[in-house]
Amino acid sequence: MKIKNLIFDLDGTLIDSSEGVVEAVNYSLRQMGQQEQKPETIKPFIGYALEVMYPEFTDAPLDELYRHFQVKAAESIVSSTVILDGVGETLAKLSENNYTMAIATTKIKKHVDKIINKFEWGPFFKAWVGGDEVAKVKPDPEIFFKVLKKMGAEPSETLVIGDTVNDILAARAVPMCSVAVLSPYGGRDKLLASKPDFVLDSMANLPELLEKIVTGEK
C-alpha cells in the first residue's frame, strides 16, 4: 500500500482541549438554567457535534445552548488546549518523511486556526477544515472529500487517523483506510467495534506503523 497523505482528527488525536470544552458546556447549561455536568460525563462527547451531546443532558433549545457555548469557548478552549504526548515529535518526523498532512475536525474553523497558530503547526499541514465549513460533520464523509480536494490527494493514497467511531465511519464512506488511536476521552470498545484498519495505543507509534504499511509487514 502506498500512503502519501495523512488526514488527522484534532481533539483526542492531536490535542486535549477537554478542560475548555467542559468549561464552555457547563457555562452554556448555567446560562439556560440547566444542571451542570461532571467532566467525565462531558468528555466522551468531545469530537462529536454539539447537537449530539446536548440532548443527553437537557431539552433546552439547541441554538441558544450553542450560542452560549461559543461565547465561553472563545476564551476557554484555545487557552486550555495542550498537545497530547508524542504528537509534536511525531508530526515533525512525518513532515521530515515528506507526508502531506491535513486536519479534519468538528471544531469550528476559527478555533482550529488559533490552535494551529498556538503550536506553530502551520508548516506541518497543507490544509485544515473545521466543522462549520461543511453541511454535515463526521460520520458524514463530506469533510474528508473537502480536505482531499484541498490537498490534491487521492483516497487510495491517504490514511485517516482519529479517535472516534465517527472518524472511522467517515473514512470508510469515502473510502479510505483508517487508523484508530485510543482516545484519552474513553470509548475504547466502541472504537474497536467500528473495525478500523489499524489500531494504535499512541500517536508516537504512527511512524513505525507507516513503515510496516509501506513494506507490507504485518
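Would you please give the FRET efficiency between residue 108 and residue 204, computed as 1/(1 + (r/R0)^6) with r the Cβ-Cβ distance and R0 = 22 Å, to the nearest 0.05?
0.20
When DSSP assigns beta bridges and you keep just the ones with both residues in the chain, what percent turn out antiparallel, to the nearest 5?
Given both bridge residues lie in the chain, the antiparallel proportion sits at roughly 10 percent.
Out of every Cα pair in the chain, what percent are spaced more than 24 Å from each other?
Beyond 24 Å sits 40 percent of the P(r) for the chain.
Grab the beta carbon distance between residue 120 and residue 96, set R0 = 25 Å, and tell me the FRET efficiency rounded to 0.05.
The computed FRET efficiency comes out at 0.95.
Among the helices of the chain (complete DSSP H runs), which have Cα atoms covering no less than 18 Å along the helix axis and a Kyte-Doolittle mean of at least -0.5?
Sorted by number, the helices that extend far enough and score high enough are 18-31, 62-80.
Please work out the Cα convex hull volume for region 18-80 and give it in Å³ per residue.
Considering the Cα atoms of region 18-80, their hull volume per residue is 69 Å³.
No lab work stands behind these numbers, since they all come straight from the coordinates. Treat the numbers as computed from the prediction; the structure is a model and nothing was measured. We place every Cβ from the backbone using ideal geometry, glycine too, and count neighbours over all the protein chains shown.
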